[in-house]
Amino acid sequence: MSVKEIVRVRAAVLGRVQGVSFRAYTRMTASALGLVGWVRNELDGSVLVEAEGEAAAVERLVAWLGKGPPGARVQAVEVERLEATGEDRRFEIRF
């Protein structure tokens, strides 16, 4: 039996990422991957995401963030690795 590595990342998604349902699609995608954490719009027009879960699932979310939902035009995703906290119980949209 192998132990799954649990990781947490913070990702700033830059480009045309507000006003295109980016947060809702991110929550849906992260939840489908079994991740917990949150997503929110930032005042500078970016979207900030913190996601925690199995390393492979987090990597899949980060790859998806690079494309985003229909209508989004992602220019860059800046990813920072964090310590897993185990504090989140689901993936939510924050305001």
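Taken together, the values in this text are just the output of simple stated rules run on the coordinates, not laboratory data. Computed from a predicted structure; not experimentally measured. Every residue, glycine among them, receives a Cβ derived from its backbone with ideal geometry; neighbour counts consider all protein chains shown.
Quick look at the values:
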| quantity | calculated |
| --- | --- |
| Subset of region 62-78 [in contact with a Leu (Cβ under 6 Å, 6 or more places away or on another chain) and crowded, with 17+ Cβ neighbours inside 10 Å] | 77 |
| Condition met for residue 19 (buried (at least 16 other Cβ atoms within 10 Å of the Cβ) and on the phi > 0 side of the Ramachandran plot) | no |
| Output for region 42-88, where each listed residue is touching a helix residue (DSSP H, G or I) at 6+ places or on another chain (Cβ under 8 Å) and within 10 Å of residue 12 (Cα to Cα) | 47, 49, 65, 77, 79 |
| Unique match (being basic (Lys, Arg) and touching a Ser or Thr at 6+ places or on another chain (Cβ under 9 Å)) among 81, 60 | 60 |
| Pairs with Cβ under 6 Å, 6+ apart, first in region 47-72 and in contact (Cβ under 8 Å) with a residue 12 or more places away in the chain, second surrounded by 17 or more Cβ atoms within 10 Å (Cβ to Cβ) and of a type in the set (Lys, Arg) | 52/8 |
